[in-house]
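The structure under discussion appears below in the form of structure tokens.
The values are calculated or read from the model by the stated rules, or taken from the named source; none is laboratory data. Everything quoted here is computed from the prediction, not taken from an experiment. Glycine gets a Cβ as well: all are built from the backbone with ideal geometry, and neighbour counts include every protein chain shown. These area figures cover heavy atoms from the full protein model, side chains too; ligands, DNA and RNA do not enter into them. Shrake-Rupley method; radii C 1.70, N 1.55, O 1.52, S 1.80 Å.
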Amino acid sequence: MELVKAYDPSQVEEALYRTWMERGYFRALPDRRRAPWAVMMPLPNVTGELHIGHALNNTLQDVQTRFWRMRGRNALYQPGTDHAGIATQNVVERELARQGLRREDLGREGFEQQVWRWVEKYGQIIYAQLQRLGVSCDWDRKIFTLDPDYYDAVQEAFVRLYRKGRLYRSRDYMVNWCPRCATALSDLEVVHEELDSFLWYVRYPGADGSEGVVIATQRPETILADVAVAVHPEDSRYRHLVGRQVVVPLVDRPVPVVADPRVDPEFGTGAVKITPGHDPLDYEIGKDHGLPILVVIGEDGRMNDQAGHFAGLERFEARERVAQALQQAGLVVHREPYRTRVGRCDRCHTVIEPALSEQWFCDVREMAQRAAEAIRAGRVRFFPERWAGVALDWLDNIRPWCVSRQLWWGHRIPVWWCEVCHHPVASKAVPQEACPACGARAWRQDPDVLDTWFSSALWPFATLGWPRDTEDLRYFYPTSVLITDRGILFLWVCRMIMFGLEFMDEVPFHHVYINPTVMDLQGRRMSKSLGTGVDPLQAIRRYGADALRFGLVARCSQAQQDLRFDEKMVADTRNFANKVWNATRYVVRTLEGWDPYAVDPASLQLRTADRWITSRLQRTIQAVTAAYEAYEFDRAAKTLYHFLWSEFCDWYLEMSKVLLQDPQAQDTTRYTLWRTLEVALRLLHPIMPFVTEAAWQALPHRGDSVMVAAWPEADLGPVDPAAEEEMELVQGVVREIRSLRADLRTPPQERVEVHLVAGGTGAILQMHRLLVEALARARVRFVEECLRPHPVAGGVVGPVEVWVPLDRAQADRLAQRAREELEEVERELQRVRARLGNPDFLRRAPAEVVEAERARLREVEARRDKLSRYAVPQPPRG
RNA sequence: GGGCGGAUAGCUCAGCGGGAGAGCACGUCCCUUACAAGGACGGGGUCGCAGGUUCGACUCCUGCUCCGCCCACCA
């Protein structure tokens with residue numbers, strides 16, 4: 001077979017992917033005879049295309065899926081996309097804005113149609129990107145969170161929670177209100193940010209004409225809604241004022257001074273204005289003191305008609321104008337710069353307004369408690385482990401979850417209000433019955449939709465058919481592992497655990513692997529809005545999906561920290577794919593007309609080199625398997641890179657060229673070449689599915705695809721420390737000779753004459769003489785000792801001295817090289833002697849450490865003695 | 001304000017109590033019949049700073065300095 005010289009991913013990847021799909025390798029159907037394994041894709045938002053972060057996340061999932069599939073599990077990789085309520089609504093609104101339209105212009109249905117068009121487009125782009133990446137999802141199962149069955153599951157979940165009393169409508173909380181999106185948000189959808197602002201110190205005169213009190217505020221515009229001033233009960237400065245009245249500036253409203261322990265006497269003046277309508281703490285204090293609630297800022301972020309002549313002003317404009325008015329009234333006693341924190345809408349970055357608004361809340365206390373128990377009991381394990389603590393902190397301090405959104409895009413809340421008496425009934429469809437409260441039969445559905453995360457919390461079981469009792473659900477639930485980004489630990493991961501326990505009475509997954517965040521070279525987060533997003537398709541087109549995958553796995557998957565991505569590293573790993581490909585070409589050529597399956601492996605006489613590479617292969621199988629099992633992706637990748645490139649290609653493959661010249665070693669060498677590469681390809685397949693498949697198909701093989709070949713199980717029988725030690729010696733001698741050649745400027749074609757003083761290793765090196773001579777391009781003579789009748793240059797490799805006779809000028813030059821090495825050995829010797837000369841060390845260090853140190857002393861001394869022969873100026877001639 | 005992670009070779013990162021590592025980049029030589037997307041041989045680091053524990057610290061402890069992230073109702 002003729003194989004092209006340079007591996008070209010663009011020629012093979014898409015065709016191989018089609019073949020895999022056509023053969024149904026990605027399908028996972030319940031099969032009681034096989035053990036299941038499942039991973040749920042963190043559903044991408046249909047807001048846009050995928051970036052490198054998604055590529056990493058999905059690659060890691062695919063690595064796991066392919067690994068477990070090869071290990072014989074019935075592996076399901078569930079794909080899908082998220083309608084992403086507010087996020088998608090916003091991007092479509094932005095599209096409309098470009099045409100000068102608002103969603104109100106289209107009406108609710110018209111707008112939804114517009115969003116569906118967007119969803120079609122980006123849903124397809126996302127799936128195409130994932131397929132190009134090579135992930136082995138079961139595409140027949142792909143799900144969108146607004147698909148009819150999924151929609152039904154969401155409604156079912158809501159109705160069940162409602163009937164259980166876990167969902168309730170309340171206006172007893174301050175919610176996060178986004179004036180631009182005109183919807184409430186959950187606490188998790190608010191991002192906090194530092195901002196330079198001011199602190200105004202404003203005088204509130206006493207109602208009785210006394211001087212009153214000075215308060216500090218960052219939000220003068222809310223003064224218009226003040227209903228009290230509060231001080232700390234223990235604060236002697238203000239004790240006399242408690243119970244008296246002060247006058248709210250500009251509106252001239254007399255309000256009481258109340259005492260409340262939640263006031264911090266250290267901050268500002270120790271007196272705080274109370275605005276229950278616009279501040280969460282003030283709301284609490286107001287409630288406890290029976291204070292009225294005034295609202296001056298409307299849902300649109302403008303001052304309402306309660307704001308007097310500030311009405312209609314945008315809230316930040318109003319802040320300036322109110323401050324000016326206070327100034328003019330002579331009531332501002334001081335203004336200072338102040339660094340504060342504001343909450344912003346996660347989606348549109350608008351400053352959040354804490355507001356009173358009637359919303360649906362979910363009481364998650366009990367669910368959170370069960371989730372925390374499951375984590376503490378180890379039924380859900382986190383990798384790295386520290387994330388369990390982060391999750392527990394949140395679960396242990398859980399607060400009510402605001403689940404209603406005043407949006408048009410999402411799952412409608414399945415609650416119906418009686419048009420007559422406003423009595424609510426939860427039901428998936430229009431209630432057929434009469435209103436239980438008033439007997440009327442006119443129902444109107446709640447206009448709100450649910451928080452997107454309410455629906456995605458059902459993902460691990462709603463995808464498998466819940467609420468129906470399906471075979472899929474019984475077989476694949478709970479899933480094996482969740483692989484995701486830390487950014488959605490609370491939003492999604494914790495809530496899936498809560499809902500899994502609530503609806504399935506079982507955790508949704510046993511393991512959670514938190515993958516690193518991919519950043520650009522400047523350390524900025526990958527993000528489309530920052531312009532730092534890198535399109536995975538661009539890297540794939542240039543270097544191939546395998547190169548991107550291997551690069552991400554090898555370089556961006558150390559679970560301990562975030563990593564910086566540079567497309568250049570994909571170019572680096574492209575070279576590795578090429579290396580694997582060319583090694584395969586060599587082996588294929590070597591095997592031509594020869595069938596490894598006709599060989600009885602037991603009959604082969606293995607040489608040291610064969611035993612060495614086989615031993616290394618077994619260790620590699622063991623290390624790589626353990627790494628995949630422990631989610632140490634980078635370790636698996638690096639181990640394979642080293643084995644294939646440095647051990648197999650650089651050494652065994654080169655040795656095989658020598659070994660194959662011996663007719664008696666041919667079968668063994670061919671067999672070992674084939675076997676080693678074939679097994680290594682299987683180990684590498686989960687990370688680099690394409691090149692391994694192409695290479696595997698080119699090699700003699702049994703079965704249809706490496707994708708469905710059995711995972712190699714480590715066999716420690718062939719592990720052979722003696723062979724490893726022997727080959728290390730051979731390699732050391734070869735390296736030393738090459739180094740001498742380089743220093744001697746020996747022309748590449750020329751064989752160098754080398755003398756070996758091999759001592760006790762003479763027999764071994766004699767045996768490998770041909771290897772050494774070929775690999776080092778040398779002619780080797782074994783001698784008893786370095787008699788140095790002539791000038792020489794040389795080096796020391798463990799117990800072996802390697803030297804070459806040469807003319808005096810060369811020798812003097814090269815003695816310098818040995819001298820430098822000798823100096824270092826001397827320094828080392830000093831260190832070892834100093835340590836052994838320390839009585840404390842001898843007394844306190846463990847015996848084996850002391851013994852090791854003594855052995856090292858002997859070793860270093862021997863090396864020093866040998867080396868010193870080559871480090872001195874050459875003796876005078878004659 | 002609390003918590004977490006990071007600081008090691010020019011770059012990206014491993015190592016985490018007893019001899020400083022990898023890949024890339026760099027230098028020299030080589031188009032040797034798998035691969036120049038390659039091979040061989042090299043150069044390069046007071047392991048952020050300051051203390052402490054220890055026979056011994058890049059590795060453990062404390063403090064500090066920078067960088068990043070998360071949580072929190074001091075207006």
Which listed residue is within 16 Å of RNA strand B (Cβ to nearest atom) and not in a helix (DSSP H, G or I), from A:Glu728, A:Glu713, A:Glu724, A:Glu750: A:Glu750
Scan region A:38-60 and tell me whether some residue there is open to solvent by 10 Å² or more (accessible area, probe 1.4 Å), outside any helix (DSSP H, G or I), without any contact (Cβ under 8 Å) to a residue 40 or more places away in the chain and not polar (S, T, N, Q). no
Taking A:Val380 as the residue in question, decide whether it is more than 16 Å from RNA strand B (Cβ to nearest atom), crowded, with 21+ Cβ neighbours inside 10 Å and β-branched (Val, Ile, Thr). yes
Over region A:496-516, the set of residues open to solvent by less than 10 Å² (accessible area, probe 1.4 Å), part of a helix (DSSP H, G or I) and touching a residue at least 60 places away in the same chain (Cβ under 8 Å) is A:Ile497, A:Met498, A:Phe499, A:Leu501
Kindly list the number of the only condition in (1) free of Cβ contacts under 8 Å to residues at least 60 places away in the same chain; (2) surrounded by 19 or more Cβ atoms within 10 Å (Cβ to Cβ); (3) more than 8 Å from RNA strand B (Cβ to nearest atom) that fails for A:Met569. (3)
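On the basis of being under 30 Å from A:Leu56 (Cβ atoms), within 15 Å of RNA strand B (Cβ to nearest atom) and at pLDDT below 95, does A:Ala680 make the cut?
On the way: under 30 Å from A:Leu56 (Cβ atoms): yes; within 15 Å of RNA strand B (Cβ to nearest atom): yes; at pLDDT below 95: no.
In short, no.
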Scan region A:679-710 for residues that are outside any loop (DSSP other than H, G, I, E, B), out of contact with any His (no Cβ under 6 Å at 6 or more places or on another chain) and open to solvent by less than 10 Å² (accessible area, probe 1.4 Å) and jot them down. A:Val679, A:Ala680, A:Leu681, A:Leu683, A:Leu684, A:Pro689, A:Phe690, A:Val691, A:Glu693, A:Ala695, A:Trp696, A:Met707
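Just need a number here: residues in region A:200-232 that are away from RNA strand B (no atom under 13 Å from the Cβ), at negative phi and part of a loop (DSSP other than H, G, I, E, B).
6
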May I ask you to say which residue of A:Glu419, A:Glu433 is more than 15 Å from RNA strand B (Cβ to nearest atom), in contact (Cβ under 8 Å) with a residue 24 or more places away in the chain and over 25 Å from the mean Cα position of the chain (by Cα)? A:Glu419
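Check A:Ala862, A:Ala845, A:Ala776, A:Ala809 and return the single one that is over 49 Å from the mean Cα position of the chain (by Cα), modelled with pLDDT of 80 or more and either open to solvent by 60 Å² or more (accessible area, probe 1.4 Å) or within 12 Å of RNA strand B (Cβ to nearest atom) (or both).
A:Ala862
Yes or no, residue by residue, for (1) within 30 Å of A:Ala442 (Cα to Cα); (2) at pLDDT 95 or above; (3) open to solvent by less than 40 Å² (accessible area, probe 1.4 Å); (4) among the polar types (S, T, N, Q):
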position	(1), (2), (3), (4)
A:Gln359	yes, no, yes, yes
A:Arg365	no, no, no, no
A:Pro384	no, no, yes, no
A:Trp387	no, no, yes, no
A:Val390	no, no, no, no
A:Trp394	no, no, no, no
A:Trp409	yes, no, yes, no
A:His422	yes, no, no, no
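Residues checked against (1) more than 13 Å from RNA strand B (Cβ to nearest atom); (2) surrounded by 18 or more Cβ atoms within 10 Å (Cβ to Cβ); (3) closer than 30 Å to A:Leu491 by Cβ:
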residue	(1), (2), (3)
A:Asp288	no, no, no
A:His309	yes, no, no
A:Arg315	yes, yes, yes
A:Leu331	yes, yes, no
A:Thr340	no, no, yes
A:Gly343	no, yes, yes
How many residues, within region A:15-37, are in contact (Cβ under 8 Å) with a residue 40 or more places away in the chain and among the charged types (D, E, K, R)? 5
Scan A:Val135, A:Val154, A:Val115 and give me the residue that is in contact with a helix residue (DSSP H, G or I) (Cβ under 8 Å, 6 or more places away or on another chain), within 29 Å of A:Val691 (Cβ to Cβ) and open to solvent by less than 10 Å² (accessible area, probe 1.4 Å). A:Val135
In region A:1-18, the residues that are over 23 Å from A:Ala583 (Cβ atoms) and surrounded by 15 or more Cβ atoms within 10 Å (Cβ to Cβ): A:Glu14, A:Tyr17
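Residue by residue, here is whether (1) in contact with a Leu (Cβ under 7 Å, 6 or more places away or on another chain); (2) open to solvent by 40 Å² or more (accessible area, probe 1.4 Å); (3) under 20 Å from A:Arg386 (Cβ atoms) holds:
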residue	(1), (2), (3)
A:Glu433	no, yes, no
A:Leu450	no, no, no
A:Ser480	no, no, no
A:Thr484	no, no, yes
A:Phe490	yes, yes, yes
A:Val518	yes, no, yes
A:Gln522	no, yes, no
A:Pro536	yes, no, no
A:Ile540	yes, no, no
Condition first: surrounded by fewer than 19 Cβ atoms within 10 Å (Cβ to Cβ), over 44 Å from the mean Cα position of the chain (by Cα) and within 27 Å of A:Pro179 (Cβ to Cβ). Now tell me which residues in region A:248-286 satisfy that. A:Val251, A:Arg253
Which one is nearest to RNA strand B (Cβ to nearest atom), of the residues in region A:592-624 that are surrounded by fewer than 18 Cβ atoms within 10 Å (Cβ to Cβ), closer than 13 Å to A:Trp674 by Cβ and hydrophobic (A, V, I, L, M, F, W, C)? A:Trp594
Out of A:Tyr173, A:Tyr168, A:Tyr162, which single residue is open to solvent by 40 Å² or more (accessible area, probe 1.4 Å), in contact with a Phe, Trp or Tyr (Cβ under 9 Å, 6 or more places away or on another chain) and modelled with pLDDT under 85? A:Tyr173
Could you tell me how many of the residues in region A:176-194 are of a type in the set (Val, Ile, Thr) and over 25 Å from A:Arg102 (Cα atoms)? 1
Quick one: which of A:Val415, A:Val380, A:Val364 is over 19 Å from A:Gly500 (Cβ atoms) and among the β-branched types (Val, Ile, Thr)? A:Val415
Tell me which of these A:Phe267 doesn't satisfy, since it passes every other one: (1) without any contact (Cβ under 8 Å) to a residue 24 or more places away in the chain; (2) within 12 Å of RNA strand B (Cβ to nearest atom). (1)
Report whether or not A:Gln245 is open to solvent by 20 Å² or more (accessible area, probe 1.4 Å), among the polar types (S, T, N, Q) and near RNA strand B (Cβ under 9 Å from one of its atoms). no
In region A:292-303, is there at least one residue being among the small types (Gly, Ala, Ser), surrounded by 14 or more Cβ atoms within 10 Å (Cβ to Cβ) and away from RNA strand B (no atom under 14 Å from the Cβ)? yes
Within region A:641-658, can one find any residue that is in a helix (DSSP H, G or I), open to solvent by 10 Å² or more (accessible area, probe 1.4 Å), away from RNA strand B (no atom under 11 Å from the Cβ) and of a type outside the set (A, V, I, L, M)? no
